[in-house]
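**Q** Below: one structure in structure tokens.
A short reminder: the numbers here are calculations on the coordinates, not readings from a lab. If you're wondering where the values come from, they're calculated on a predicted model, not measured in any experiment. Backbone-built Cβ (ideal geometry, glycine too); neighbour counts: all protein chains shown.
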Amino acid sequence: MTPDLKFSVIIPVHNRAREISRAVRSVLSQEYPLFEIIVVDDGSTDDTAAAVKAFTDKRVRYIYQENRERGAARNAGTNAATGDFVTFLDSDDEFLPGHLAAARNCISNKPGFDV
């Protein structure tokens, strides 16, 4: 059995103050608790920063960068990640409650499988 794995969930965002909270909450409500959320704000001019900073859970991190598009935001999040595995979530989407548990089980049940 694979030891407990930590996931880094990278959420790139640009001007989605009204949607980002739902995405973050969907990760915070995961059945599997070992994760960090890295929200990379790609130059938002709305209240995205305030929406993210309203979360007090220490697993939520906020990074701001000048607008360089989604790929650069994903790369910045990946560079800041401390988890064993990285996964991406769009800012207007959400994870189902068992998403990370299913990923962890798949990884654990396939020793030697390179994900």
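**Q** Taking GluC sites (Glu not before Pro) as exposed when DSSP calls them loop (any state but H, G, I, E, B) and at most 14 other Cβ atoms lie within 10 Å, what is the longest stretch of the chain free of them, the sites themselves excluded?
**A** 70-115
**Q** Okay, moving on. Using amide H atoms built in the peptide plane, which far-off residues or other-chain residues are under 5 Å from Ile10 H to H?
**A** Excluding prolines and chain starts, which carry no amide H, the hits are Ile38, Thr87, Phe88, Leu89.
**Q** Percent relative contact order of the chain, based on C-alpha pairs within less than 8 angstrom and at least six residues apart?
**A** Relative contact order here is 41 percent.
**Q** For the chain, give the share of DSSP beta bridges that are antiparallel, in percent and rounded to the nearest 5; count only bridges with both residues there.
**A** Around 0 percent antiparallel, to the nearest 5.
**Q** Which value in deg cm²/dmol, rounded to the nearest 500, describes the helix-derived mean residue ellipticity at 222 nm for the chain, given -39,500 (n - 2.57) per DSSP H run of n ≥ 4 and division by the residue count?
**A** Taken over the chain, the calculation gives -10000 deg cm²/dmol.
**Q** Between [x] 132; [y] 116; [z] 91, which entry matches volume of the Cα convex hull per residue in Å³ as derived from the coordinates of this structure?
**A** Given [x] 132; [y] 116; [z] 91, the calculated one carries the label [z].
**Q** Using a Gaussian network for the chain with springs between C-alpha atoms less than 10 Å apart, which of these wobbles most: Arg70, Arg18, Arg61?
**A** Arg18
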